[in-house]
Structure formats: structure tokens, C-alpha cells
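Asks: Starting off with a structure, shown below.
The values are calculated or read from the model by the stated rules, or taken from the named source; none is laboratory data. Please read all numbers here as calculations on a predicted model, not as lab measurements. Using ideal geometry, Cβ is built from the backbone for each residue, glycine included, and neighbour counts are taken over all protein chains shown.
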Amino acid sequence: MWNSEPTTTATTTHRQHHHHQQQQNGNSTSSGGQPAAKQLGMTSAISLAEPRPEDLQRTGELRGSLEPYNVFESQDELNHRMEILAKLNTLVKQWVKEISVSKNMPEAAAEKLGGKIYTFGSYRLGVHHKGADIDALCVAPRNIERTDYFQSFFEVLKKQPEVTECRSVEEAFVPVIKMNFDGIEIDLLFARLSLKEIPDDFDLRDDNLLKNLDPRSVRSLNGCRVTDEILALVPNIENFRLALRTIKLWAKKHGIYSNSLGYFGGVTWAMLVARTCQLYPNAAAATLVHKFFLVFSRWKWPNPVLLKHPDNVNLRFPVWDPRVNASDRYHLMPIITPAYPQQNSTFNVSESTKKVILTEFNRGMNITDEIMLGRVPWERLFEAPSFFYRYRHFIVLLVNSQTADDHLEWCGLVESKVRLLIGNLERNAHIALAHVNPKCFEFKKGQSANSSQNNSGNEDDPKQTQQQQTNNQANAAASTVTSSPFCSMWFIGLEFERSDNLNIDLTESIQNFTEHVIMHGVNIKMLKEGMTIDARHVKRKQLSLYLDADFLKRERKSMENHNNFNNTLLANRKRLSTELSQSQDPLPGQQQQQQQSSAGSNRGRESGAKVHRLSESLNEETSNTSSDLGAVSPTTPTATQMQAPNFKAVTAATAAGGGGKNGAADVVMDVSPEPEQKSHNNGNSTTTEVACS
């Protein structure tokens, strides 16, 4: 059955152990007569253990480590958000009344119609950070049309003195009005219910509300309904919130927080943390974070993650069900929303983004092992290895526009389509991984020159003359990147399959992507003069043309620190694994048994606690690596795995606005053996020739 949740080997072992403990302590529901604990989720809990003193200590340390990252708002800032929402709610009620009166409804009846603002997303979950936006929903009665909202209410909002940057996106998949209300960004959706009135205490979780609604209203309601279900399905909301704040910060720092680019979005991370809370309902937040990585680094994908059994509702809306929908069978990491109509929140995940996410899950598992042992602080969890020193070759997407408003729209469209380029690259048999960095970088002309300008004021100063020459070279290099006043960039790291005499042609993959984006821009009447998209192959040593030199130095230092820590971590795990095996395997013979009773007991007192801490994850790693991930070890990739072949340019005709259709470069990669030389590849280097036209 698609809705049955898998039970991993570690989960089974842990449940059996916990059940045995319950029987020993007389706490079994069958023998002790105690009422069964409330089950939240598809299965019973793995452990009902209460937090230990060290768990509470780790939780306090976790909360303190989050403070510098501005994940908590002050009471004044929270009150400011509540005031804004109260003003919006008043505006909605007044607008509904005025529109109804204009449609010849008696004023007394119009006064009772109501209308309300609901929130969802991070603000509704209570995990928003300082300066975060608010996702909200305007719910109106049946006499209010969608056109009224996007016309008259839009004009009402623009007239408010607190509102700036107000714009409507009526043709979006989920129509929305975006604005800045008194310093807070707000995305306001709209739903029209088939009800005469909307009372203030109205609950949106009733499935019958969806009857006779149009699909856009159902999609708009989905955010609120899912958020409310998540909060109702977790056993301890405060522990859930602190654990979710931690996981969201970790995901952002490690570059795997973006639904549109094929990673996980906010609601997905919330559902995964909620499932962890269901499996460990009494655990402290620090333990929940640790168990989060334990559970999902060993999850048997593509088995779905569900927070509850799907509702048996038939209102003819499409739901995720691979038994019925053939396309659902190809989803790689399905995580299903708990509210009807159930949907997969991760349908954008690709093979490459799945590999990246699993790598980060396993890295998080290793780090939290060390944290729970007291070896490293929580801050280490939020330090990620450098993206730009993880790969040697990149595809860089340059998105150009002439005005700020055009650029905002154009970048939004391109970002929503980048995952299509990842899919094109993945279909190339020679590409093992296409890793897109979710961060959008702004190209600033003359940045290097301005940042290092000499202000001595002496034009004859030799140092200043030399600096001026450097600045001129930097400006000349910048002009080869783009001539547009606004330019944003996305970088895709490439990892290639090891092979000699390899010829890679990416021209068609890139050209199909750029043509699709431009055609879509034409179809929705967005494309304007000066809007271009350019894709180029870039070596690591050429990144200084696109990125700030100081930033690249910090990235290099970050990668060195990560490698040093990773080496230390692997050594610690090897030593602890040895201690674990020694503590579990009795030595044969009476003399050795005596030795074990004397020396072994001392060793056990010294390291037994730490060995016990790590034993669960070590056993999990041994038992589930091949079954969960198909015999491919999910450990952090080594330097040899991550490095691609060396490149040398054969032909380099620029692609800026001229090469190929729509500015797409012809990229042909030819790999042939090269004499051995000292490099990062330990002598196993090959040469890739790139021809761009």
C-alpha cells in the first residue's frame, strides 16, 4: 500500500528494545493495565523515553547557539506583526462590506458578512526569524469575486500609507498580491468560500468547505489547512518549534532550502520534523534534531513520509496516489501533506538534488553524533563546506535586464525553470551530478576595483599606478561577463563520471533550456527588450571574473576547515567503533575473562557512555546503508569522488548575446588522457576540451 510507512532496521530494533524495557519495568499496556499513549502518525512511537539531564543541557546549548543567527524575534517585533495583521483584517472586513453594498446588498446585511485574514507558513508555525515575510490568506464570502480582490482590494491596498511595493500576480498557479506593509513583506492569497458569512472563529480544517470551490481557491486554502494539521499532529509544540528552527537554519546554511530548485521548502522541513516528533514524542529538542538525522539519513526512499492516514474524502480533487496516478510513481522523495487534497510537497526533487540532500543528511548525522557526545558545539552544525571548492567545473547562468522591476520578474521566472536545466544535464550519461547552488549572486561591475582602490590622492604614486592598471584589467574582464545594468547569476557544480577519451556535448541541453525560458516569457507577455539569459561553462580558476575575490578566499578557508574537521570526525568514529566492538565481544579463555573484568570494566566506565551514545547510529549505518540507498555508501563524498576531470580550452568564442540561439553557448567537452602530474587528483587526472561558440 502506498500509504504504509516503512520501518527501517534501526526503527524495528529500537522498538523491540523499548518494548522489552517496558515489560521489565512493568509499564507495558498489556500487562500493566495502563492506558495506551495517544498515537500520532502512521505508526507508534519508537521511544517514549523522557529527556535525561544531559539532553536538557544540550537543548539549552542549542537555544543559545541559535541566538546569533537572528532566528528569534523580540516581543516588540512580534507585537508589530500582530498590529499589521489586525490592520489588514480590518481592511478586509471594510472592503467586503463596501463591495457588497455596491452590489445592492442592504448595509445591515453587508455588515454581517465578515471576511478574515488567516496566516500560514513559518509565522503560523511560530518559527519565523527576524525580518521574515508573512504568508497570509484573505477569505471572503461567496458574493465576493476573485476579480474584485485583484482589482478593487488591490487599489485599496495601494492607497494605504504603510503599503509599498504592492504588485499583483493574478495569473500565477497560486494567485497572490505581494506587498511591503510597514516594513514587513506579505504574500496575500485569496479564497472565496461557498458561504454567506465568514465568522471570526471560523475553522478552515473542515473538508466540506472545499465543496464547489474552484481549484485556485483550493490551492490557496491548502497552505493554511496543512499548517493547522501539522500543529495538531505534533505532541509538544515548543519542542517542535525549537527543533524546526534548528533544521531550517541548517538547511539554509547547507544550500538545500529551495522548493523551486528541487530541494525541500519550508513546509517539507516542517513535516519531517513533525514526523520525528511523532516517533520521539517526549524527547527534548536537541534529541529531536539528532533523531531527525538518524531517521531520514536511513529512510528507504521512495517510500513516502506521512503524518497521518490519508482522509477518505472524495470531492473529485486530484490527490497523490501512485496506485492511480502513474506520474506519482516516479517521485523520488515523496513527503505528503496531511490535509485533503493530499499532495507531494517534493515533486521537484531530481536525482542530483536527492544526492545532495542525502549527503547533507549523513553529514548532519555525523556532526550531531559528535555534538551529543560533547565533542563539538552546535555551531559546527551550521558550518557547510564550500560549494565553489567542492567542484572544479560549473555552468553559470547569467540573467540580464535593463530595469530593476524587469529584473525582479525575469529572475523569478528563470529561477522557477532552473530545475529543467538540471534535468537536461542529468540525462547526459557522462554527468554524475549537477548541483545547483540555490543562492542567487548579483554581478556588480567594478566591484573588485572599487573595493581595493587606493585613496592616497597622489597620481604619480607607483602603487596607485599599478592599482589603476589592475582596476582597468578588472573592468575589462567584467565587460566580457555582461554589459547589462542588472545581472544575476546561478551556479551549477558539475561532477563527471570517470572515463578516458570522454566527449561531452552540452549544447543541446543548454539551448533547449534557454529556448524554453524565453518562449515562456513570450507566452505570458513578460519578455521585454534587454531581458536575456546566458549559460556558460566556467572553470574554478575563472570564478574570480564573476565573484568577489574576498568571498572566494573565505570559501577556500571554509573548505579547508571542513576538510580538517571531517578528518578528525572520521578518526573519532573509527576509534569509537573499535571501542564498541571491543566492549561487545567477550574475550575467550578464563585468563582473558579476568583481564576483561578488570581492565574492561575500567574502560567501560570511562567510555561506555559515549560508546552507548554512538552505538545506535553505528549499527544503523552498518545495517541500512545498502538496503536504503542501493549499495552506495551515503557517506560524505571524498575528494576523489567530487573532483571532475581537468579542463583545457580549445576554442573560446563568446556566447554573450551572440553564440547559439538566445545566447546559449555551444559547450563540447572532449576528455583524453594527459601525462601524470602533481595535482589534487593524486595523478588520476584526465583532460577535458571545451569548445564554446
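Asks: Hey, among F240, F153, which residue is assigned to a helix (DSSP H, G or I), at pLDDT 95 or above and within 17 Å of K93 (Cβ to Cβ)?
Replies: Criteria check complete, one pass: F153.
Asks: Just the residues that are among the acidic types (D, E) and surrounded by fewer than 18 Cβ atoms within 10 Å (Cβ to Cβ), please, taken from the stretch 120-175. I'd like the intermediate steps shown before the answer.
Replies: Start the filter on the stretch 120-175 by keeping residues that are among the acidic types (D, E), which leaves 133, 135, 145, 148, 155, 162, 165, 170-171.
Residues satisfying the conditions are D133, E145, E155, E162, E165, E170, E171.
Matching residues to (1) under 35 Å from the mean Cα position of the chain (by Cα); (2) modelled with pLDDT of 95 or more:
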{"site": "T119", "(1), (2)": "yes, yes"}
{"site": "K130", "(1), (2)": "yes, no"}
{"site": "E171", "(1), (2)": "yes, no"}
{"site": "I186", "(1), (2)": "yes, yes"}
{"site": "I198", "(1), (2)": "no, no"}
{"site": "R205", "(1), (2)": "yes, no"}
{"site": "L210", "(1), (2)": "yes, no"}
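Asks: On to the next question. Would you point out which residue out of A86, A110 is without any contact (Cβ under 8 Å) to a residue 24 or more places away in the chain and either surrounded by 16 or more Cβ atoms within 10 Å (Cβ to Cβ) or not assigned by TED's automatic domain parsing to the domain that holds P161 (or both)?
Replies: Numbers: A86 fails: either surrounded by 16 or more Cβ atoms within 10 Å (Cβ to Cβ) or not assigned by TED's automatic domain parsing to the domain that holds P161 (or both).
Result of the check over A86, A110: A110.
Asks: Moving to a separate point now. Kindly check whether there is at least one residue in the stretch 380-400 that is surrounded by fewer than 20 Cβ atoms within 10 Å (Cβ to Cβ) and farther than 25 Å from W250 by Cβ.
Replies: No: zero hits.
Asks: Take the residues in the stretch 302-351 that are part of a loop (DSSP other than H, G, I, E, B) and either of a type in the set (D, E) or on the phi > 0 side of the Ramachandran plot (or both); name whichever of them is surrounded by the fewest Cβ atoms within 10 Å (Cβ to Cβ).
Replies: Just the residues of the stretch 302-351 that are part of a loop (DSSP other than H, G, I, E, B), to begin with: 302-304, 306-325, 331-334, 337-343, 345-350.
Adding the requirement that they be either of a type in the set (D, E) or on the phi > 0 side of the Ramachandran plot (or both) leaves 311, 316, 321.
Numbers: D311: 14, R316: 8, D321: 14.
The residue in question is R316.
Asks: Further question: Go through (1) closer than 29 Å to L420 by Cα; (2) in the same structural domain as T119 (by TED's automatic domain parsing); (3) surrounded by 15 or more Cβ atoms within 10 Å (Cβ to Cβ); (4) in contact with a Lys or Arg (Cβ under 9 Å, 6 or more places away or on another chain) one by one and return the number of the condition L195 breaks.
Replies: If we test L195 against (1) closer than 29 Å to L420 by Cα; (2) in the same structural domain as T119 (by TED's automatic domain parsing); (3) surrounded by 15 or more Cβ atoms within 10 Å (Cβ to Cβ); (4) in contact with a Lys or Arg (Cβ under 9 Å, 6 or more places away or on another chain), just (1) comes out false.
Asks: Which one of the conditions (1) under 21 Å from M559 (Cβ atoms); (2) within 19 Å of the chain's Cα centre (by Cα) does N344 fail to meet, given that it meets all the rest?
Replies: (1)
Asks: Scan the stretch 524-542 and report the pairs whose first residue is among the small types (G, A, S) and whose second residue is modelled with pLDDT of 90 or more and part of a strand (DSSP E or B), with Cβ atoms within less than 8 Å and a gap of 6+ or a chain change.
Replies: So the pair list comes out as G530/N400; G530/S401; A535/I395; A535/V396; A535/L397; A535/L398.
Asks: Go through the stretch 359-396 and report how many residues are among the hydrophobic types (A, V, I, L, M, F, W, C), under 19 Å from the mean Cα position of the chain (by Cα) and assigned to a loop (DSSP other than H, G, I, E, B).
Replies: Within the stretch 359-396, residues that are among the hydrophobic types (A, V, I, L, M, F, W, C), under 19 Å from the mean Cα position of the chain (by Cα) and assigned to a loop (DSSP other than H, G, I, E, B) number 3.
Asks: Filter the stretch 254-292 for residues that are within 16 Å of the chain's Cα centre (by Cα), within 24 Å of R58 (Cα to Cα) and part of a loop (DSSP other than H, G, I, E, B) and give the result.
Replies: Across the stretch 254-292, the qualifying residue is only H254.
Asks: Any idea which of V295, V356 is more than 21 Å from R205 (Cα to Cα), in contact (Cβ under 8 Å) with a residue 24 or more places away in the chain, in contact with a Ser or Thr (Cβ under 7 Å, 6 or more places away or on another chain) and outside any loop (DSSP other than H, G, I, E, B)? Give the steps one after another, and end with the answer.
Replies: On the way: V356 fails: in contact with a Ser or Thr (Cβ under 7 Å, 6 or more places away or on another chain).
None of the others qualify; the one that does is V295.
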